[in-house]
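So the structure is just underneath, and the comments pick up after that.
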Amino acid sequence: MSTGTTDQGEGAAIPELVIISGMSGAGRSTAAKCLEDLGWFVVDNIPPELIPPMVELGARSQGNVAKIAVVVDVRGRRFFANLKESLATLDAQNVKRRIVFLESSDDALVRRFESVRRPHPLQGDGRIVDGIAAERDLLRELRGDADLVIDTSSLNVHELRAKLDAQFAGEEVPELRATVMSFGFKYGLPVDADMVIDCRFIPNPHWVPELRPFTGLNDEVSQYVFSQPGSKEFLDGYAELLRIVAEGYRREGKRYVTIAVGCTGGKHRSVAMSEKLARRLVTEGVETVVVHRDMGRE
């Protein structure tokens, strides 16, 4: 989608729009405060049908309201239907909009609700986990449409703000941003991954005594990994696949992608492969951040 003009006046600039949603307890309020600090006009808990009129008012502000962030809380099926209608209206008006979805594991959400001694808004007479399950079901489609999914399970407030700063603080928004994340399958799949790559077919440096203490950031480990049969071909094949995917994401207006690269423990093979893949993405013009989720956990 691209910015355009409204019917309210020739040359009226349509504000940029970010819709913040996600699981209750996953950090929506923190995300809203972060964007407010970055100069966005933030509205919390607005009915979805009021989003298009708000954008129109922003377009009449003569540039005074250039960026609008809206926090939406989906708690009912009719509410969600209204949100879909509003998104369709925004798309028809060529509004440049993004959806940020905040995710978190059930365990993390339960701990957060118990720590503040508050019930989940959808649990009714049931348990907290019942409310979480109901909300996850209601938000499933919206999560699938999100431009950016952030898993806050292991993030504190400062780390979440840092992630949002990295995405929204710059004046120039790049065409595509990628996060390449190494992880260990034994610690679970990253829930915010768009693509998952499995490196467990490569012999494990863990079983080489002189390499075991090191990580995939070490040159000797990286050389070992890429000296194994199929490793370079695997890297070349996935790099070409990611080049094709990146082109498709650009055509579809998707700005963020998370690529998860896994091995057993997230220490050797996935780390080395993530580093190489990230360098390939950079050469394709993709702004890339590398995160080693599980390195150091063993």
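The values are calculated or read from the model by the stated rules, or taken from the named source; none is laboratory data. The structure displayed is predicted, hence computed values, not measured ones. Glycine gets a Cβ as well: all are built from the backbone with ideal geometry, and neighbour counts include every protein chain shown. These accessible areas exclude ligands, DNA and RNA; they are computed on the full protein's heavy atoms, side chains included. Shrake-Rupley method; radii C 1.70, N 1.55, O 1.52, S 1.80 Å.
Apply the Karplus curve 6.51 cos²θ - 1.76 cosθ + 1.60, θ = phi - 60°, to the phi angles in region 56-61 and return the couplings in whole Hz, x for Gly and Pro.
Couplings: 4, 4, x, 5, 7, 7 Hz.
Would you please calculate the Kirkwood hydrodynamic radius of the chain over all C-alpha pairs and express it in Å, rounded to one decimal?
Result for the chain, one decimal place: 20.9 Å.
Using only DSSP helix segments of four residues or longer, with each worth -39500 (n - 2.57), what per-residue ellipticity at 222 nm results for the chain after dividing by its residue count and rounding to 500?
My calculation for the chain gives -13000 deg cm²/dmol from helical runs alone.
Which GluC sites (Glu not before Pro) in region 77-170 pass both tests, a DSSP loop state and at most 16 other beta-carbon atoms within 10 Å?
In loop regions of region 77-170 (DSSP not H, G, I, E or B), there are no sparsely surrounded GluC sites (Glu not before Pro).
With no solvent and one equal point scatterer placed on each C-alpha of region 16-168, evaluate the Debye formula and give log10 I(q)/I(0) for q = 0.10, 0.11, 0.14, 0.16 Å⁻¹, two decimals.
Per q value, in the given order, log10 I(q)/I(0) is -0.35, -0.43, -0.69, -0.89.
Can you send over the solvent-accessible area of Y256, 1.4 Å probe, protein chains only, in Å² to the nearest 10?
Roughly 10 Å² of Y256 is accessible to a 1.4 Å probe.
What lysines sit close enough to K84 to cross-link, taking a C-alpha to C-alpha distance under 20 Å and skipping anything fewer than 8 places away on the same chain?
Cross-link targets: K96, K254.
Averaged across orientations, what area in nm² does the convex hull of the alpha carbons in region 143-298 project?
The directionally averaged projection comes out at 9.6 nm².
Please state, to two decimals, what the Cα-based radius of gyration of region 234-298 comes to when divided by 2.2 N^0.38 Å (N = residues).
1.17
Report, ordered by chain and residue number, the lysines lying within cross-link reach of K267, taken as a straight Cα distance under 27 Å and ignoring same-chain residues fewer than 8 apart.
Straight-distance partners of K267: K163, K186, K232, K276.
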